[in-house]
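What follows is a set of notes on a single structure, which appears directly below.
The values are calculated or read from the model by the stated rules, or taken from the named source; none is laboratory data. Because the structure is a prediction, the values reported are computed rather than measured. Because the Cβ atoms are built from the backbone with ideal geometry, glycine has one as well, and the counts that use them run over all protein chains shown. Surface areas here come from the heavy atoms of the whole protein model, side chains and all, with no ligands, DNA or RNA. Shrake-Rupley method; radii C 1.70, N 1.55, O 1.52, S 1.80 Å.
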Amino acid sequence: MAPLKSLEKEYPLIDYNFQSFCASHGIFSVEDFLLHDLDALTAFADNQSTSQRLKQGIDQLLSVIDALHPPLLNGLQLLEDAKRNKHVLCTGCEGIDALLGGGLREGQLTELVGPSSSGKTQACLLSASTVAKHENSVIYLDTGNSFSPQRIAHLVGQPSGYADHGPLQKVLDRIICYSVFDVYQMFDVLHQLKINLRSKTVKSDHHVRLLIVDSISSLITPILGGSGPQGHALMISAGFLLKNIAHDHNIAVLVTNHVVAGEDGISKPALGESWKSVPHVRLLLSRECGSNVSSISILKHPSMVCHLIRNFLYGMGYNTVVNVMYFL
């Protein structure tokens, strides 16, 4: 979510005086506000000379937070919404597209889980270039300096030295990449994205169809340490915001997550049980050491059987399904 200062223009009660009052209590963002004791904050406001306006500011900030929650829908409305708005985006990776029945679904958050060198970033780059080739915009949040125009050029099939003309230039122009190195930067970028999408200022000549965060775990893991609840609250807020953007603007969201050692040394997705409920779809990527054959399986899907698996060759710009889907 957003720093309070970014809300001032759209919400006049969240002005400099209100921000100063909040700052005196260690509140600088919407996340800080949610984590604070609101009864205590209101009591402090009562003791100020501008108490009425401060309490109006608190109410307005609460209304901003409430507006972020999507309306409740019954089953029939959810089905109609899915048929009407939620299309499938081809990722360009035949293994993933075949497993998911066409690709990433708009309005959903899909998570790619896997160890280092399993192909997560390659899948993100391939998805970004494929969507951009079809005259759509892609928002790419790069958390580890892994975004590579040279790899995009290879995937597009054009030498990077010719980026000043031809299809590569058009593809790169449609991929809007942000370097994001902590969760607060991500909140700032996502909040600004929501504002831009509402005002249709993001690549107005192209529709934003895909949002990528590679990787979400590198942003959230550092804030989960310790015994306080703040890290957990920020993690849930991040997931909610990503799903909110996906739903409200019919965007496919793709995030990557690493694995950690679980019981008996068996790897499991990072970020714990609370995060497990956030993605609509969870896919597990794996690759044997020294091999270019990757496996992908479904850990979670709202409408498909889990533990389906598909193997495919996964090289630089080269991915071909080599055997059929089977049950584990």
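Here are some notes:
- Largest accessible area first, the listed residues Arg174, Arg105 line up as Arg105, Arg174 when surface is computed with a 1.4 Å probe on the assembled protein chains.
- Cross-link reach list, aspartates and glutamates versus Lys276, counting only Cα pairs under 13 Å and skipping chain neighbours closer than eight places: Glu111
- Each peptide among 36-43, 253-260, 123-130 gets the average number of other Cβ atoms lying within 10 Å of its residues, and from highest to lowest they stand as 123-130, 253-260, 36-43.
- Subset of Lys9/Lys133; Lys5/Lys200; Lys133/Lys194; Lys133/Lys200; Lys120/Lys170 violating a 31 Å alpha-carbon distance limit: Lys9/Lys133
- Asp248/His36 FRET efficiency (R0 25 Å; Cβ-Cβ; nearest 0.05): 0.40
- Local electrostatic count at Arg53 - Lys and Arg +1, Asp and Glu -1, tallied over other residues with Cβ under 11 Å: -1
- Neighbour net charge for Lys300 - beta-carbon separation under 10 angstrom, K R +1, D E -1: +1
- Model label sites at Ser117 and Glu263, defined 7 Å from Cα along the beta-carbon direction, differ in position by 3.0 nm.
- Neighbours of Ser146 by Cβ distance under 10 Å: Lys/Arg scored +1, Asp/Glu scored -1, total 0.
- Across the protein chains, with a 1.4 Å probe defining accessible surface, the residues Tyr11, Tyr140, Tyr16 rank Tyr16, Tyr11, Tyr140 from largest area downward.
- In a fully extended conformation the segment linking Ile195 and Ser303 would gain 35.7 nm over its present Cα-Cα distance, using 0.36 nm per residue.
- Spin-label zone in the stretch 234-262 - amide nitrogen under 18 Å from a point set 7 Å from the Cα of His87 along the C-beta vector: 246-254
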